[in-house]
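Below: one structure, written as structure tokens.
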Amino acid sequence: MGRPLVSGMIIGAILGDIQTGIIIGAAIQAMYIGLVTPGGSMPADVNFAAWIGIPLAVISGADSTYAVSLSIALSFLGVVAVYATASFNSVFVHKMDRYITNGQLEKAINIPVVGQITNFVCRFIPIFLANYLGAQFVPTMVSAIPEWLGGILTLLGSILPLIGFALLMQYVVKKKVDLLYYLFGFILVAVFKAPIIPVVLVGLLLAFMDIKYSQVDLSSLKMIDQKKSENRFKLLDQKDVRKAYWNWQFWTLSVQNFERMEAPAIIRMLGKVKEKLYPNDKDAQKALLERHEAFFNTEPYIGSIIPGIVLGMEEQSAITKENSADLISSIKTALMGPFAGIGDSLYVGTLIPILLSIALGLSSESGSVMGPIFYVLAHLAIMLPLTWFLFKSGYSMGMDSAQLVLSGGIKDKITQGMNIVGLIVVGAITTMYVNVKTGLTFTQGDMVIDLNSALNSLFPNIITILLGLATYYLLVNKKMKIGYLFLVFIALAVVGYFTNLLAV
């Protein structure tokens, strides 16, 4: 629901115009398609951009470019709310510590639930007030905007998605030659007018060939099932493991804070099975939770293998009665960085944008519900089985499962395959969603030469691909910060409008 494409469908349904809601949501989504938040850093927040920008644009009758322009300021306002939430959550974390110290363990493991109040105060209330109060004034404000300012905002909104695509390419492109896949996807649509689904199939075929002929032995993936020690004595049954898994998945980012990040989710996960590990032993249960109060942070999907490993090791520690606290803590700390890197690049930075790119191709122009529905179903169909498999494998195998994923080159080749698909799809979406034009004309006698038509006869939508590559160059090669890049685009829109260098 936090993805603008999906929230656009929901907002459109509430306001009685699903098609417009999706079209505006898709426009905002395109700009933030490559947004990744490694380590909890937050360059922009799409929730404020979507849940304020979309309804106000629909109510005011403004087009999608207006909503995209408005979303920039709203996204930065959302960042303030995110950091305020993370700061206030420290209060709840300290309360959790006191509960554990005092032996009030049930209250401690409920902190991730109770702590959601900060999200309500810092995020829901401002968004509600902005919509409730803003709806009365936005139509008047839009009608009062001068023609020149409206033209600049429209032009700015039409080119801003290129920043989103460049952000995505920053994480996907590993070698300069990978840009050829981006260009290939662009050509498939711009020149050959291929629909998005055939483009995806071509990308999958190329990725398959890359993996198949890379000489990487994938047979070790089967070892995850073969090496499970199902015959060892257990304290937890399948229902307990599932309970621990669901508590990790539901509460992993609840009461997230700068001091502990995801540690409260680990405590809740273990707290839900503490009676099975240490029946009627309050001191041992208390010690179990105390040793997981320390800072923990990883990518929650691919990183779900780590809480699984922790659960399995804690179970063995409870069985053997050995003091394994230091070993468990050190393993948890050692693994969180590598799996955060894998998850941020492979899942958040590659898979999710691929799914969003396909969804945008299905809905960006038509406003079809197929786009958001595809994204929701595809994401859940991949995420739920994958995270459960990783969590259960971590629980069953302990350290062996982590070593299988991190060794043998398997991770690198799967990442490369997904990058190929991602770059081809993003190249296709670039030309489907962005069409940068020039308004310059040259007159010679009675003949008027339209420069935009002349350039497109040489290479369709050539200005878009050149500006897209220039944006990537500034972001990656010149290390330009996102805030400065926005300023460059604003200046480009102003100059382009008044000189007719750029046109909508």
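For a Förster distance of 41 Å, can you work out the FRET efficiency between the beta-carbons of Ile117 and Lys478, rounded to the nearest 0.05? So, using R0 = 41 Å, E works out to roughly 0.45.
Ellipsoid semi-axes for the chain, based on the Cα gyration tensor and the rule √(5λ), read 46, 28, 17 Å when sorted largest first. Building the convex hull from the alpha-carbon atoms of region 43-185 and averaging its projection over directions returns 12.8 nm². Here's the picture: a label point sits 7 Å out from the Cα of Glu365 along the beta-carbon direction, and within region 5-27 nothing has its amide nitrogen under 11 Å of it. Label separation (Ser330 vs Ala284): 2.4 nm, computed from points 7 Å beyond Cα along the C-beta direction. Solvent-accessible area of the chain (1.4 angstrom probe, protein heavy atoms only): carbon and sulfur portion equals 66 percent.
Anything in the chain that counts as a DSSP H helix reaching 30 Å or more along its axis (C-alpha) with Kyte-Doolittle mean of at least 1.0? List them, would you? Length and hydropathy pass: 370-397. Taken per residue, the accessible surface of region 97-212 reaches 52 Å², heavy atoms only and a 1.4 Å probe.
When the Cα gyration tensor is reduced to axis lengths a ≥ b ≥ c, the ratio a/c is 1.5 or higher for region 77-122, and with a/b above b/c it is classed as prolate. Of the trypsin sites (Lys or Arg not before Pro) found in region 432-484, the ones in coil according to DSSP and having at most 12 other Cβ atoms within 10 Å of their Cβ are Lys478, Lys479, Lys481. Length gained on full extension, Phe295 to Lys321, computed as 0.36 nm times the residue gap minus the Cα-Cα distance: 6.8 nm. Excluding residues on the same chain fewer than 8 positions from Lys276, give the lysines whose Cα lies under 16 Å from its Cα. Here the lysines satisfying the reach criterion relative to Lys276 are Lys234, Lys239, Lys243, Lys286, Lys321. Applying 1/(1 + (r/R0)^6) with r as the Cβ-Cβ distance of His94 and Val448 and R0 = 56 angstrom yields a FRET efficiency of 0.20.
When peptides 302-312, 5-15, 21-31, 98-108 are sorted by average Cβ neighbour count within 10 Å, with the highest value leading, the order is 21-31, 302-312, 5-15, 98-108. Potential lengthening of the chain between Lys175 and Lys272 amounts to 30.4 nm, from the contour at 0.36 nm per residue minus the alpha-carbon distance. Once both labels are positioned 7 Å from their Cα atoms along Cα-to-Cβ, the gap between Leu15 and Leu201 label points is 3.7 nm. From most to least packed by mean Cβ count within 10 Å, the peptides 51-57, 417-423, 184-190, 373-379 give 51-57, 417-423, 184-190, 373-379. When the surface is traced with a 1.4 Å probe over the full set of protein chains, Leu386 keeps roughly 50 Å² accessible.
The packing ranking, built from the mean of other Cβ atoms within 10 Å per residue, places the peptides 109-116, 486-493, 442-449, 356-363 in the order 356-363, 109-116, 486-493, 442-449, highest first. Once the chain from Ser87 to Leu129 is taken as fully extended at 0.36 nm per residue, the excess over their C-alpha distance is 12.9 nm.
Listed by chain and number, the lysines whose alpha-carbon sits under 20 Å from that of Lys174, ignoring those within fewer than 8 places in the same chain, are Lys212, Lys411, Lys413, Lys478, Lys479, Lys481.
The values are calculated or read from the model by the stated rules, or taken from the named source; none is laboratory data. Remember, it's a predicted structure, so these values are computed and weren't measured experimentally. So basically every Cβ, Gly included, is an ideal-geometry build from the backbone, and we count neighbours across all protein chains shown. With ligands, DNA and RNA removed, areas are computed over all heavy atoms of the protein, side chains included. Shrake-Rupley method; radii C 1.70, N 1.55, O 1.52, S 1.80 Å.
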